[in-house]
Amino acid sequence: MIIVLVGAPGAGKGTQADLLAEKSGFRKLSTGDALRKHVKAGTAVGKQAEAIMAKGELVSDDVLLAILEVELGTDAKETVILDGYPRNLAQAKTLSKIEAKNPVKACVHLDVDRKDLITRLSGRRVCGSCGTSFHVVSAPSKVAGICDKCGSKLVQRPDDEEKSISVRLDVYDKNTQPVLDYYRDRGLYKRISGLGSPGAIFKEIIGVLGAS
Ligand code: AMP
């Protein structure tokens, strides 16, 4: 079973996907993380995706499908949280072709205003080693620039730089609205406000999933 988690960059998708994996035993599959792994490892996919990702644009649907096919299992008992996919209507339709084995149970939309998203993204810092996320104002590390978890250096993702942020938000707005409409038409759409503490938002998500 698949739970599609949709939210603009900075809406807190990754945090909620981590919480769902940790507390509910679901498996998180983040297409952004999978792509970053390819970039780090210098694979052919990574080389193709790196510049596109740095600009904040979308990597091709073919590359994403190849990643999905490798990463998405066929274990009928497993619940997978899809973080970052589908990002456009074509990807939602591609996903529907795999749904015979892996049906989408719900599309959870974490909704956050653009102004708040820009504040969140521009202050985000991530550990270059373990990927833990911090924020210079709202969730700073104990020692500036150093990861609390593993002691490695914190970095700013190239796509969190100001020039990429507005591209990413524009790309999101344009491409993702049809995805939300698509799941709304199928009766699977659940809106959750992305403002509030991660714990409170998590409880709301569990609430809507329980009811679906
Ligand atoms: P994220 O970590 O989800 O913000 O993804 C980071 C970047 O990876 C995006 O800005 C895109 O360049 C790329 N990416 C991740 N998921 C997708 C997707 N489903 N389709 C196309 N590009 C993607």
| query | Do we find that Leu72 is aliphatic (A, V, I, L, M), in contact with a strand residue (DSSP E or B) (Cβ under 9 Å, 6 or more places away or on another chain), modelled with pLDDT under 95 and buried (at least 20 other Cβ atoms within 10 Å of the Cβ) in this structure? | reply | no
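Where in region 112-212 are there strands (runs of 3 or more DSSP E), lying fully within it, with 1 or more residues that are of a type in the set (Gly, Ala, Ser) and under 16 Å from Leu5 (Cβ atoms)? Spell out the reasoning first.
Working: elements: 124-127, 133-135, 189-193.
Filter on region 112-212 gives 133-135, 189-193.
Looking only at region 111-138, count how many residues are of a type in the set (Gly, Ala, Ser), without any contact (Cβ under 8 Å) to a residue 40 or more places away in the chain and surrounded by 14 or more Cβ atoms within 10 Å (Cβ to Cβ). Outline the logic, then answer.
From region 111-138, those of a type in the set (Gly, Ala, Ser) are 122-123, 128-129, 131, 133, 138; that's our starting set.
Checking the rest, the ones that are also without any contact (Cβ under 8 Å) to a residue 40 or more places away in the chain come to 123, 128-129, 138.
Subset that is surrounded by 14 or more Cβ atoms within 10 Å (Cβ to Cβ): 123, 128-129.
Qualifying residue count for the region: 3.
Taking the stated definitions as given, is Leu95 within 14 Å of the ligand (Cβ to nearest atom), in contact (Cβ under 8 Å) with a residue 40 or more places away in the chain and either in contact with a Phe, Trp or Tyr (Cβ under 6 Å, 6 or more places away or on another chain) or not in a helix (DSSP H, G or I) (or both)?
Details: within 14 Å of the ligand (Cβ to nearest atom): yes; in contact (Cβ under 8 Å) with a residue 40 or more places away in the chain: yes; either in contact with a Phe, Trp or Tyr (Cβ under 6 Å, 6 or more places away or on another chain) or not in a helix (DSSP H, G or I) (or both): no.
The answer is no for Leu95.
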| task | Those residues that are more than 10 Å from the ligand (Cβ to nearest atom) and either within 23 Å of Gln177 (Cα to Cα) or of a type in the set (Lys, Arg) (or both), I need them from region 67-91; list them, please. | result | Lys77, Val80, Ile81, Leu89
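Which residues, taken from region 98-129, are aliphatic (A, V, I, L, M), more than 16 Å from the ligand (Cβ to nearest atom) and more than 19 Å from Ala11 (Cα to Cα)? Don't jump to the end; show me each part of the working.
Here is the first cut: in region 98-129, the residues aliphatic (A, V, I, L, M) are 98, 100, 104, 106, 108, 110, 112, 117-118, 121, 126.
Now restrict to residues that are more than 16 Å from the ligand (Cβ to nearest atom): 100, 106.
Within region 98-129, Ala100 is the sole residue that qualifies.
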| task | Go through region 1-47 residue by residue and tally those that are away from the ligand (no atom under 13 Å from the Cβ) and either surrounded by 21 or more Cβ atoms within 10 Å (Cβ to Cβ) or of a type in the set (A, V, I, L, M) (or both). | result | 8
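The values are calculated or read from the model by the stated rules, or taken from the named source; none is laboratory data. Because the structure is predicted, anything quoted here is derived from the model rather than measured. When we count neighbours, we look across all protein chains shown, and the Cβ atoms used for this are built from the backbone with ideal geometry, even at glycine.
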